[in-house]
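Written below as structure tokens is the structure these notes are about.
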Amino acid sequence: MNILVCIKQVTTSPQGHTFAMNRFDEYALEAAIQIKEQFQDQGHGAVVDVVTVGRKKAEEVIKRAFGMGADNGYHIVVEKDQTPGVTAELIFQTLGQTLGQTMGLPHHSTPGNHTYDLVLTGMISQDAMEGLTGPILAERMGIACATGVIKISLVSGTSDITVERELDRGERECLAIKLPALLTVQAGMNTPRYPTLSKLLKAGSKKITTVIVPQDKLFKEDQTVIRLQEPTKSRSGTLLEGSVEDKAEALFSILRKRGVI
């Protein structure tokens, strides 16, 4: 089982002086490492690679990923933040050989020759909160994609996985997906581990494969804003007034009328 996790470095202070791994990506990385450990417990091999797109400083999140248990790291160095489309295209092209495509970026060190069975990303980033990089990357790879995943189960003896994804109003959707596939992970599906001291010490000796992309070599993305509009009100609400007892009685009456209780 070969897994790729897309991670991002984000600022965690208003001044932009403090940086950390995107919180949603930590859950994706933890999920990948748990799958790796599950395969190893069953006597099978498994590899977890991480890739990030960002400035030179972003290599810090790869080192943290090493400390958590990732095996290989790829850093696509850019001068400034990119749109989700460009970010996905950079990842796709940089790991082109791994994804069965043709690589075309300069200053590239060839990654491993394995193919990825599973690609994981956080559902959104803390800064932009767009949630687009994962689905765009899945489209470029031509593989299935599920977003907002809160549970991943491997089907023993097959190339299938089952996932649960979070929908509106607390509902969940269960899907059976054939690998390879890309999943965007929702926060809270697990408890990300802290990097261990021994793995952090080993991380210093691990090589990060670096791809430097000059600004004039970036992919040109043609985006058009079709329209902007205010959200529409879909349903009305009822404001309960009075004492706590009055509110409780009114709520009980509403729920009873609707057959909830």
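The residues packed around F66, meaning those with a beta-carbon under 13 Å from its beta-carbon, carry a net charge of +3 if Lys and Arg are +1 and Asp and Glu are -1.
Enclosing the Cα atoms of the chain in their convex hull gives a volume equal to 207 cubic angstrom per residue.
One chain, two ends: S153 and Y194. Fully extended at 0.36 nm per residue, the span grows by 12.4 nm beyond their Cα-Cα distance. Full extension of the chain between D81 and T115 gives 9.5 nm of extra length, using 0.36 nm per residue less the Cα-Cα distance. The sum of -39500 (n - 2.57) across all DSSP H runs of n ≥ 4, divided by the residue count of the chain, sets its helix-only mean residue ellipticity at 222 nm to -8500 deg cm²/dmol.
The angle separating the long axis of helix 84-94 from the principal Cα axis of greatest extent in the chain is about 30 degrees.
In the context of the full protein assembly, I152 retains an accessible surface of approximately 40 Å², using a probe radius of 1.4 Å and ignoring ligands and nucleic acids.
When a/c is below 1.5 the answer is rounded, else prolate if a/b is larger than b/c, else oblate, so apply that to region 113-261 with a ≥ b ≥ c taken from the square roots of the Cα gyration tensor eigenvalues.
Working: a/c = 2.10, a/b = 1.74, b/c = 1.21.
Here region 113-261 falls in the prolate category.
Sequentially through region 118-131, phi angles give Karplus couplings (6.51, -1.76, 1.60; θ = phi - 60°) of 9, 10, 10, 9, x, 5, 9, 9, 5, 8, 7, 6, 9, x Hz, Gly and Pro residues having no value and appearing as x. Beta bridges from DSSP with both residues in the chain: antiparallel share about 35 percent, rounded to the nearest 5.
Enter the angle in degrees (range 0 to 90, nearest 10) between the Cα long axis of helix 244-257 and the first principal axis of the Cα atoms of the chain, meaning the one along which they spread out most. Roughly 80 degrees, rounded to the nearest 10. Full extension of the chain segment joining V244 with T232 gains 1.2 nm, where the gain is 0.36 nm per residue of separation less the Cα-Cα distance.
Calculate how steeply helix 23-41 sits against the longest principal axis of the alpha-carbon atoms of the chain, using the helix alpha-carbon long axis, and give the answer as 0 to 90 degrees to the nearest 10. Roughly 70 degrees, rounded to the nearest 10. Label reach from V260 (point 7 Å along Cα→C-beta): in region 145-173, amide nitrogens under 15 Å belong to 169-171.
The values are calculated or read from the model by the stated rules, or taken from the named source; none is laboratory data. Everything numeric in this text was worked out from a predicted model, so none of it was measured. Cβ atoms come from the backbone with ideal geometry, glycine included; neighbour counts cover every protein chain shown. We work out accessible area using only protein heavy atoms, side chains counted, and drop any ligands, DNA or RNA first. Shrake-Rupley method; radii C 1.70, N 1.55, O 1.52, S 1.80 Å.
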